[in-house]
Amino acid sequence: MKTLKIGNVRIPNPIFLSPMVEVTDLPYRLICRKAGAGMAYIEMLYVNAILHTNKKTQNLMKTSKEDRPSGIQITGNTPEEFKKVIPHLKPYDIVDINCGCPSIRIVGSQAGSFLLKTPKKIESMIRILKDAGLTTTAKIRLGFNKNNVLKVSKLIEKAGADALTIHARLAVHRNHIPAEWSWIKKVKDNLGIPVIGNGDIVNGESAAKMLDIADGAMIARAALGDPTIFSRVAYYLKTRKEKEFDFKENIRYFNRYLQLAKKYDVIDLNRIKYLGTNFIKSIQGAASLRQQFMGLKTFNEIQDFSKSLEEKEV
Ligand SMILES: Cc1cc2nc3c(=O)[nH]c(=O)nc-3n(C[C@H](O)[C@H](O)[C@H](O)COP(=O)(O)O)c2cc1C
């Protein structure tokens, strides 16, 4: 697989794990990297949460030497906040600005995908981070409620961004509407910086198709509860054949997740339950296993249960 350069940062391969709230903490990023992801970001953090940090945010901001190249994703609504947050961003190799989150809370604060309505703000935010010497990228959608992706992309490049990720939907579009990849190609044809395509990559074939039109392919939902998507994509890129999903291999990754959560002292039982149910969803009898899993009360109970799944006949 080809390597990719974002600014001066070398990404070992062009398959990215998407930042995902409630998912991509340090242990999750590490298991996805182990499975083959070339890059993985900390989930979106609001700049104010970083400035007024609490234990949860501190845990989310943890990184390690295996978590390289490291990336953090931030959002906010004023360039001034971005100036204040710079010292907290220095430890990371790449800082990504979220201009795509459609959640009511974030849009209500005029951050996330709302920024697509005020592209000049995105431009100022990028300039502030770049002036501080940070390798800076942005993740956008095609627009908020109307497509302005070419205009916004060109502005982002002009502001000095080192790469751009496009989730090829409008912010008002839900995920059942197919991502419009033709726009990723149009942006790629108009920009000099690396373009990473995102939206509806579900297997080796779709990742390969994305790499035909973009410099990188970013995967979100297909990696939720399935880090082995990265090894399967790598296999496809090498052989042009899809590798079958292996439940036990995947559950071993979940067990590794639990060990790492303990090692890095970031255990969050709600998150573990959410992730665990996603790991279980793909096997026969998932509904009853899920019920048993949700009834578990302690970390040790979860660890024992999950270990027992490695032995289970599927
Ligand atoms: C649970 C979940 C959490 C997400 N959190 C983030 C986030 O923190 N930052 C971000 O840029 N996108 C976030 N997204 C959007 C994804 O990164 C991605 O753009 C979108 O799901 C489309 O990619 P996919 O088709 O591979 O899922 C999230 C998506 C999901 C499903």
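The values are calculated or read from the model by the stated rules, or taken from the named source; none is laboratory data. All values derive from a computational prediction rather than experimental measurement. We place every Cβ from the backbone using ideal geometry, glycine too, and count neighbours over all the protein chains shown.
Determine whether the range 43-50 contains at least one residue that is surrounded by fewer than 21 Cβ atoms within 10 Å (Cβ to Cβ), of a type in the set (Asp, Glu) and more than 16 Å from the ligand (Cβ to nearest atom). So far as the range 43-50 goes, no, none of its residues is surrounded by fewer than 21 Cβ atoms within 10 Å (Cβ to Cβ), of a type in the set (Asp, Glu) and more than 16 Å from the ligand (Cβ to nearest atom). In this entry, ILE11 passes the filter for residues that are touching a strand residue (DSSP E or B) at 6+ places or on another chain (Cβ under 9 Å) and modelled with pLDDT of 95 or more. Filtering the range 16-38 down to residues that are aliphatic (A, V, I, L, M) and within 7 Å of the ligand (Cβ to nearest atom), which residue is surrounded by the most Cβ atoms within 10 Å (Cβ to Cβ)? Among residues in the range 16-38 that are aliphatic (A, V, I, L, M) and within 7 Å of the ligand (Cβ to nearest atom), the one surrounded by the most Cβ atoms within 10 Å (Cβ to Cβ) is VAL23. Within the range 211-233, no residue that is without any contact (Cβ under 8 Å) to a residue 12 or more places away in the chain sits with its Cβ atom under 7 Å from a residue that is among the hydrophobic types (A, V, I, L, M, F, W, C) and within 13 Å of the ligand (Cβ to nearest atom) at 6+ positions apart or across chains.
Candidates are the residues of the range 144-190 that are surrounded by fewer than 19 Cβ atoms within 10 Å (Cβ to Cβ) and within 23 Å of GLY108 (Cβ to Cβ); the one that is nearest to the chain's Cα centre (by Cα) is ASN175.
For the residues ALA222, ALA261, the requirement of being within 16 Å of the ligand (Cβ to nearest atom), assigned to a helix (DSSP H, G or I) and not β-branched (Val, Ile, Thr) singles out ALA222.
Filter the range 70-107 down to residues that are assigned to a helix (DSSP H, G or I) and of a type in the set (Lys, Arg) and give me whichever is surrounded by the fewest Cβ atoms within 10 Å (Cβ to Cβ).
Looking at the filtered set, the residue picked out is ARG105.
Is there any pair linking a residue in the range 10-22 that is within 13 Å of ILE229 (Cβ to Cβ) and part of a strand (DSSP E or B) to one that is modelled with pLDDT of 95 or more and of a type in the set (Lys, Arg), with Cβ under 9 Å and at least six apart or on different chains, and which? Correct list of pairs: LEU17/ARG29; LEU17/ARG33.
Please go through the range 162-197 and pick out each residue that is touching a residue at least 60 places away in the same chain (Cβ under 8 Å) and not acidic (Asp, Glu). The answer is ALA163, THR165, HIS167, ALA171, VAL172, PRO194, ILE196. Would you call PRO227 more than 10 Å from the ligand (Cβ to nearest atom) and in contact with a Cys (Cβ under 8 Å, 6 or more places away or on another chain)? Taking the combined requirement at face value, the residue satisfies it.
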